[in-house]
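Read the structure below first, then the notes.
The values are calculated or read from the model by the stated rules, or taken from the named source; none is laboratory data. Fair warning: this is a prediction, and the values are worked out from it, not measured in the lab. Because the Cβ atoms are built from the backbone with ideal geometry, glycine has one as well, and the counts that use them run over all protein chains shown. Surface accessibility is based on the protein's heavy atoms, side chains included, excluding ligands, DNA and RNA. Shrake-Rupley method; radii C 1.70, N 1.55, O 1.52, S 1.80 Å.
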Amino acid sequence: MGCEPTGSHTELPSPGRVLCLSWHPSGTHIVAGSIDFFRVIDVASGQTVQRIMVNHHVEKAKRECVVWAIALLSSGTVVSADSFGRVQFWDWELGTLAESHTVSTSAALSLAVSEKEDSIIVGTSTGATYQLQLLPVNLGGQEKRWVRTKPFQFHSHDVRAVAHSPTALISGGLDAQLVIRPLMEKMQKKGYDAVLRKFTFPHRRLVSCARKARLLLFQFSQYLELWRLGSTEETGKDGEVLSLCRMPEHLVQLKSKGPEHIYCSCVSPCGTWIGYSTASRFHLYRVRCDGDGVSLRKVPKVPKLLPPAYQLQFSANSDSLFVASARGSVHVFQLLEPGGCKHLHTLQPPSGCSEAVYLLAPSADGHWLAAVSGDWAIHIYNLKCFKHHCMVPAYNCAVSALAIHPSTNNLVIAYSDQQLLEFSIPEKQYTSWSRAVQSRGLHRAWLERDSPITHITFNPKNPAHILLHDTYLLCVLDKSLPLPDDSTLLMNQSTLKQLPETARKRQLHAFKICKKFQPLLFMDLLDENCLVVVERPIMDFKTQLPLPVQQKKFGT
Amino acid sequence: WDAPRERWAQCGMQRGHLSEGTALGPDCPPGPGPDLVLLTERGRDATLFKISDQKPLGCWSVKHGQILTCPVVCNFETHEYIAVHDDKVLRIWKNEDINLDKAFKATLSADVYRIHSLPQGGPVVLFRGGGVRTLDVLLEAPQQEIENVISGEVIRWSGAFMEGQQPVLIFTTEKDEDFFVYVQKPKLSSLHKYKLEQQESAKPVCFTAHITNQTVTLLCLYSNDSVYQVLIPLQQDTEEEEEEEEILSKSLLLNFSASETVLKGTSLVALDKDHVAVLGSLTAPRKERRECLTIWNTKFHTLQTSKELPLGTSGQLWCYEEKFFLIHGKVLTVIMYKCETSSLAAAVGKLKCSQTPDVSSFVNWNTLEDEELEVSFQSQESVALQAESRMNLRSRRSTVTEQQPETLSIGQLLLNLKDASNYVLETKLRKLMAKAPTPDLQATIGCVVTALTDRCKRNPKYYPQLFLQEIVETRNLSYSLCPDLMAVALDKKDMHLLQICLERFPDIPEEITYACLKAFLGMSESHLQNIDVNLDSVICYIDVEFDNKEVKTEIAENGFGAAMDQDMCGTKIPKQSQPWSDDDSCPVGPQKAALLNAVLHSAYTETFLLPHLKNLPAGQAILFLRYLYYLYVKCSEKVNTTLPGIRSPTINQIMDWMCLLLDAQFTVMVMLPEAKELLSNLHKFVRAQVRFYSELNKIEGSLRELQRLNHLRESHTYSIEVLEII
């Protein structure tokens, strides 16, 4: 936690670390929370215009009071959340306390105000969140007061961040969970949006795979791990565990320097290049495996990038690297033997873009590159001439994964509303299969999943197969089979396995779903009959969490 | 020309509740074709119409100044027409005769109320005084004295029937608010008089009657919107007893007032033993009166169908040979109808599970509306035929000729194909069905299937299995549309077709359902293995014989297995006597299971099914119960107690059938030693489940915690596994 001034004209003259700040909606003032007090700063002059002690009213205040979160409303009211578990409302011009609510016996850590400024969500260190609403004192009366309305307990640890959308309260905690709690009074009908959602894993790729070298690169917050996969010489029946003839090998651990988290990483398909980026810097390494020994060498003089990379992707032949960057741009680096790198080109959408690119998909033949930016536009570039080729028709939903088919150059796109679209890059239009899927509609059970597809890959030996996965299932989508309708069982693999071969045919449909591996972090096809799957058991990191603040345990 | 019609209409109104008597009497066909009707207008004319052509074939009028006083009838034996004018003058003529003045004339000594013509029985003449003579007797001495049976009473309605070889004449009379019923057998000169039980503040508006099993069922439409049924036994006239008049008690059959909507009936006709038609006006608060024709099922007290008549009616309704005749607006409207064999399932009974595709309803009005013909009152006889009406007639005729090949083709085609070769028949029928859907498509397909089944019955070697399957699968048929189909399929042991029928027909009588069940249970497994049946309902849960038992671990989700085992261990059942109970595999093969599932899915009413189920042979009953027990156990294995798959039975269906079977076969089950163990296992299972669920409730909290900890299961950090994706 922390908030450092980033060197604007607003100099903070007095000591006291700033722990949180908030802008006035009009941009004229900033309020900054510190320990025991907060300040209001006039943006134009850079002067502190008010300094308010938050523990002024507490007699014999022995402990210091940390202002963990603060908000400045358009009316001039300052809302502060502090380590005493209080949410306080101040008139900063008069310096008076208007209201004080003790929401928790432990610290109130985070605070978010709805756009209408009539509702506030507060996160506390017990894992509970509270909603405060501005309600009239008398029914139909003019006078309004803040009232603590709904308590929620979805987290076991500190709720470090909260957000207030028009229809939901969103909270993120130290227990590695993101919770979206819809406000039922704002819901018009039952549906996807009206259900409580919990997310444990980020909806982005944390593992990358060097198919040819059979290596896996795992991205942790502060370091990377490179592993060589084990192998077997046996075969067996469904469900059998085969004995290994070679154990998996932990090749190298690459620690990132400094406090910054690793934002993205990638290993090249040949397994000899590793790239990663933190919030401020981009690093490229050369990996050499000589027999048992592994050597790792940093590529010197990597072109400086400002701002940093949002996504890294090597080309299929490992001779170039694509770096997703801000304002819709993609940098193309040429990788040089024995260990060099040069900036070749920067691709940008012709109409410009204010959002950063967050997903990249190069084609296997090195001809095309698809890039998705934060405005959900998908741009396709021709890499032979570094020109913008076309844009996929806009769809009002976030792209969660995309990939280009190696033989047909069809771009398969998975959206966060679980729609799947297939766009032919050469023909610049949706394929007929995609149109057929759209007109028929996907199975309801497919659409009702709450975890988006995070990775798409293909089977080079069977062009009709598309492999997809989300956190709870992996799916082989066979385009040659009929689509299931709502009356049929979507997850029918266990059923099919019980049937004799002859009877299976009638039951087959396009979605071959396996839910054996959960939670599924990554899945890729190494070769025709070898699939690598990475599970991340929730207990693995739950056990690493610190003890929660309060431990009230009954019974057991 | 409008004048007589108006006069007629006035007449009808003045006569009030008089139904089919004097104003107009369509009568049965005199000639060769079945669709002839003889219309008598109050006045001077009687016209013979051909209904399908909507045109008059002949018309006869009495002289100016004379007036027809009762409907002209046709003597079926001699094909002569008999009319009465000026109450007493009898006229008899033949089709060829043109001038009524020259026809046979006989003046009678008393006023005639009505002549009833009965097939085989000859015409019977009812006099105003209640006397009855057959025409033969009357013609021997036209001036013979006719006794007065009734005194001071007025005849309100009369009807004639054949009971054996005897004509029976029934008429009702009214005197001072009292109603009497007379039953006369003219040939035996027997007469019975009954008094109708009085109804407070209501009186009969209309009567209709039919005879079944020596009993006259008289239905009376009362002014309080109800239909009452009066049963009158036809006594054997062995001894003449002059006793005091009997009072007939009546029972309420139908009431037309539902909540605020009331059907004010004006006319009532019995269609068959289960159906009556009522013409009347529907009155609801804040709504306009709407006249409509309704058909009611008296067995189930349901409204079968109704048809609005927006142009208004005269309130009179006649019915001959499955056709209604009524005055709708200014024309006589003929509406054909057909009463299907009624089953409660069709009326109100258990509807099919929502999984089955929507079955379209078979309302006969839809199919027959097109055949509704209008016979206009214009007849060729009219001297003052106006150009306008003539054009009207002509244009109508031209449309009829255009439609004719279309409407006639189905019946004719089927008739023509009666002797065609099998191949020709099937190709023609396919063509017939391939036509664009018309409103009467359902009826057509019903006819097609009937034609096929008829041929199957005639020719035992002929059985178009695939064709029938195709029809049943692709068309929304119902049992009533092709009643013979399932019987033929049963006869031919066509299990697949029966399965499809059970899954698709909404109205299978319980008797047939039972026959299917019995046939399915009786089939040998080896025979069934070679039969193609749809296994959709089975494949998702049945254990196909499999070497590895691993498949099963997945479904023991709620873990009651352990509790069960303990319970079982406590009781000492010798192992060898229960070869099936220790392995809970399915007692029947997948094919048989699929067929039985189809039975479980069909609609039924317990009351009607129970008597049949009692006849199920003991062995089959036990096999069925074992299968139901197996299903029940399977259901219970799932947390949500539903079996996966399409059309798989629901837990409610399983429980219903289990209870039904136990009810029906109770004594057998108690007696048979092999049933004993099954029952005791069943009992234990249910008990164990009850106990298990109550325990579950107690430890709910702990279980939640366990579920959370379940993720702690041993995790291989690295493994290579074989994964088969089909």
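Brief remarks on what is shown
- The A:THR502 and A:SER480 beta-carbon pair, evaluated with R₀ = 25 Å, returns a calculated FRET efficiency of approximately 0.80.
- Excluding same-chain neighbours fewer than eight residues apart, the lysines reachable from B:LYS684 by a Cα-Cα span under 16 Å are B:LYS572, B:LYS634, B:LYS676.
- Among the listed pairs A:LYS497/B:LYS614; B:LYS55/B:LYS307; A:LYS150/A:LYS542; A:LYS189/A:LYS516; B:LYS50/B:LYS187, those whose Cα-Cα separation exceeds 31 Å are A:LYS497/B:LYS614; A:LYS189/A:LYS516; B:LYS50/B:LYS187.
- Translational diffusion coefficient (Stokes-Einstein; Kirkwood radius from C-alpha pairs) of chain A at 37 °C, 0.692 mPa s, in µm²/s: 123
- Sequentially through segment A:483-488, phi angles give Karplus couplings (6.51, -1.76, 1.60; θ = phi - 60°) of 6, x, 9, 4, 7, 8 Hz, Gly and Pro residues having no value and appearing as x.
- Here's how it looks for A:LEU526: its modeled amide H is under 5 Å from those of A:LEU531, A:VAL532, which are all 5 or more places away or on a different chain.
- B:LEU706-A:HIS345 pseudo-label distance in nm [points 7 Å out on the Cα-to-Cβ vector]: 6.3
- Long-range tail of P(r) for segment A:18-199 (Cα pairs > 23 Å, %): 42
- At most 10 other Cβ within 10 Å, DSSP loop - GluC sites (Glu not before Pro), segment A:210-310: A:GLU233
- Net lengthening on full extension, A:GLU234/A:CYS385 (0.36 nm per residue, minus Cα-Cα): 49.7 nm
- Over 24 Å between alpha carbons, listed pairs A:LYS237/A:LYS512; A:LYS237/A:LYS505; A:LYS515/B:LYS638; A:LYS479/A:LYS505; B:LYS63/B:LYS323; B:LYS203/B:LYS250: B:LYS63/B:LYS323
- For A:PHE220, residues with placed amide H under 5 Å, excluding near neighbours: A:GLU225
- A:THR488 accessible area, assembled protein chains, probe 1.4 Å, Å²: 40
- Value of [θ]222 nm, deg cm²/dmol, for chain A, DSSP H segments ≥ 4, -39500 (n - 2.57) each, nearest 500: -1000 deg cm²/dmol
- Annotation: amide H of B:LEU57 within the under-5 Å range of B:LEU48, B:PHE49, B:LYS50, sequence separation 5 or more or interchain, hydrogens built in the peptide plane.
- B:ALA258-B:GLN689 pseudo-label distance in nm [points 7 Å out on the Cα-to-Cβ vector]: 3.7
- Hits among lysines - C-alpha to C-alpha of A:LYS387 under 18 Å, sequence gap 8 or more where chains match: A:LYS428
- For segment A:430-556, the Kirkwood radius over C-alpha pairs fed into Stokes-Einstein at 10 °C and 1.306 mPa s yields D = 93 µm² per second.
- Label point distance in nm, B:GLU77-A:SER165, each placed 7 Å from Cα along Cα→Cβ: 9.2
- For segment A:467-531, the Rg and Dmax computed from alpha carbons only, in angstrom: 12.6, 35
- Sequence-ordered 3J(HN,Hα) estimates for segment B:423-430 from the Karplus curve with 6.51, -1.76 and 1.60 and θ = phi - 60° stand at 5, 4, 4, 5, 5, 5, 5, 4 Hz, glycine and proline given as x.
- Segment A:162-191 residues near the modelled A:ASP118 label - backbone nitrogen below 14 Å, point 7 Å along Cα→Cβ: A:166-167, A:185-187
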